[in-house]
1. What is the gain in length, in nm to one decimal, between A126 and I91 on full extension, counting 0.36 nm per residue of separation less the C-alpha to C-alpha distance?
2. Within the set of other residues whose C-beta is less than 13 Å from the C-beta of K122, count the net charge using Lys and Arg as +1 and Asp and Glu as -1.
3. For the chain, what value does the Rg/Rh ratio take when both radii are computed over Cα atoms and Rh is the Kirkwood radius, given to two decimals?
4. Report the extension gain between K137 and T117 in nm, rounded to one decimal, defined as 0.36 nm multiplied by the number of residues separating them, less their alpha carbon distance.
5. Hey, what number do you get for the chain at 222 nm if only DSSP H runs of n ≥ 4 count, each worth -39500 (n - 2.57), divided across all residues, to the nearest 500?
6. Can you check what the net charge comes to around I110, using other residues whose Cβ is under 10 Å from the Cβ of I110 (Lys, Arg +1; Asp, Glu -1)?
7. What residue among K137, K20, K122 shows peak mean-square fluctuation when the chain is described by a Gaussian network model with Cα springs under 10 Å?
8. Nearest 0.05, what FRET efficiency do M72 and K158 give at R0 = 25 Å with Cβ-Cβ as r?
Amino acid sequence: MRLEGPLQSWGFEDRFSRRKTGSLPTKSALIGLCCAALGVGRGSEGEKMWLKRLNKLECLVINTRESHLQPMRRMEDFHTVQNTRTADGKIKETHITHRTFLNDASFAAILSGDEGTLNELKAALADPVWGIWLGRKACIPSAPVLVGIFETEDAALKQVLHGGSLAAFIHQREVYSFADGTDTFMDTPLTFADPREFSPRRVKLVRNTGQS
């Protein structure tokens, strides 16, 4: 998948008034994007089935921004929301939240796994049932999200990195041993219905080594 747009916001640690963005897309947001493309309703039986299938896919995300003249930046926006609950359980009529976005970001995401699942995702991303966005609804893609399906990860990397080496880009992939990882995120979705539920996922972040 190609993830490009003037605004992106990959929420994590979203609590109360401060809504942060990660520096790389989260797996839960990517799965949410796929569910929207598939037309899967929150809390539905279809969601239960699809989350089981989508959570099994391995996820590699890459920061593909190469330009030093227009680097990725962060911005903060203010939103007024209604009917929020206070710490003592009362309802507050209006409340200001702080939301962080990425400007001029460019990412690639490679999902690997079951061929049947990937083929269904390809069809959905090519003709999505519902609108898809880059983390939040205000973040509309500026390029088609679907790149294609490839036989190997190397073939996919050749396409999204235009022949460049993965080692030259900041990237993050899933690992299945705690010792092999560098961080743990609660971004494996169990349900997107309210209240949302997530389980932990171990990842390894690799920074740019300067190779080409």
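1. On the way: separation 35, 0.36 × 35 = 12.60 nm, distance 4.18 nm.
The span from A126 to I91 would gain 8.4 nm if fully extended.
2. On the way: positive: none; negative: D114, E115, E120, D127.
Summing Lys and Arg as +1 and Asp and Glu as -1 gives -4.
3. Numbers: Rg = 17.6 Å, Rh = 18.2 Å.
Rg divided by Rh gives 0.97.
4. Values: separation 20, 0.36 × 20 = 7.20 nm, distance 2.49 nm.
Full extension of this stretch gives 4.7 nm more.
5. Working: 4 runs with 43 residues, N = 212.
Computed ellipticity for the chain at 222 nm equals -6000 deg cm²/dmol.
6. Working: positive: R173; negative: E58, E153.
Neighbourhood net charge equals -1.
7. Fluctuation is largest for K137.
8. Details: r = 23 Å, r/R0 = 0.93.
After rounding, the FRET efficiency stands at 0.60.
Read-outs: derived from the displayed coordinates by stated rules, not from any lab. As the structure is a prediction and not an experimental result, all values here were calculated from the model. Here Cβ is always computed from backbone atoms with ideal geometry, including for glycine, and neighbour counts include all displayed protein chains.
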